[in-house]
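Here is the structure we will look at.
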Amino acid sequence: MDITEIRMTLMDEEKLKAFANVTFDNEFVIRDLKVINGKNRYFVSMPNKKRKDGTYQDIAHPITPDMRKKIEDAVLNEYTRLKNEN
């Protein structure tokens, strides 16, 4: 499965740095991934919903560590590219 498009909206908040929509094989899209400025590094948060008990549950997420890395690397590279353009 290949990432064929990443659309990103940059944000100017302390922790939330961008929203991303990632398209796979020009056929499937996952919306509302977030680029987060964490304590030690930037990371990608998968789309999630708030449960009644106040915790959050991912709506969509990679199953394997390799796929997670592939998505995170692609999204963070696009974030860096866009940020450097501005």
- Among Ile71, Asn86, Leu33, flag the residue with its Cα farthest along the positive direction of the charge dipole of the chain, charges on Cβ as +1 for Lys/Arg and -1 for Asp/Glu. Leu33
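Given a 1.4 angstrom probe, what's the average accessible area per residue across the stretch 31-86, in square angstrom?
Working: 4240 Å² over 56 residues.
I get 76 Å² per residue for this part.
Fully extended, how many nm does the chain gain between Ala74 and Phe24 (0.36 nm per residue separation, minus their Cα-Cα distance)?
Values: separation 50, 0.36 × 50 = 18.00 nm, distance 1.18 nm.
Gain on stretching Ala74 to Phe24: 16.8 nm.
Put Glu78, Glu14 in order of accessible area, largest first, 1.4 Å probe: what do you get? Before the final figure, lay out the partial values.
Details: Glu78 35, Glu14 150 Å².
The ordering from most to least exposed comes out as Glu14, Glu78.
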- What's the FRET efficiency of Asn86 with Ile3 using the Cβ-Cβ distance as r and R₀ = 22 Å, to the nearest 0.05? 0.45
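For the chain, what % of the accessible area comes from carbon and sulfur atoms, probe 1.4 Å? Walk me through the intermediate numbers first.
Values: 3000 of 6340 Å².
That share works out to 47 percent.
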- Hits in the stretch 15-51: amide N under 16 Å from the 7 Å Cα→Cβ extension of Thr64, namely 25
- Name the residues whose placed amide hydrogens come within less than 5 Å of the amide hydrogen of Met11, ignoring near sequence neighbours (fewer than 5 apart) on the same chain. Ala18, Phe19
- Query: How far, in nm, would the chain grow between Met11 and Tyr56 when pulled straight, counting 0.36 nm per residue and subtracting the alpha carbon separation?
  - Reply: 14.1 nm
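The values are calculated or read from the model by the stated rules, or taken from the named source; none is laboratory data. This structure is a prediction, so every number in the text was calculated from the model and none was measured. Note that each Cβ is placed from the backbone with ideal geometry, even for glycine, and that neighbours are counted across all protein chains shown. For accessibility, only protein heavy atoms count, side chains too; no ligands or nucleic acids. Shrake-Rupley method; radii C 1.70, N 1.55, O 1.52, S 1.80 Å.
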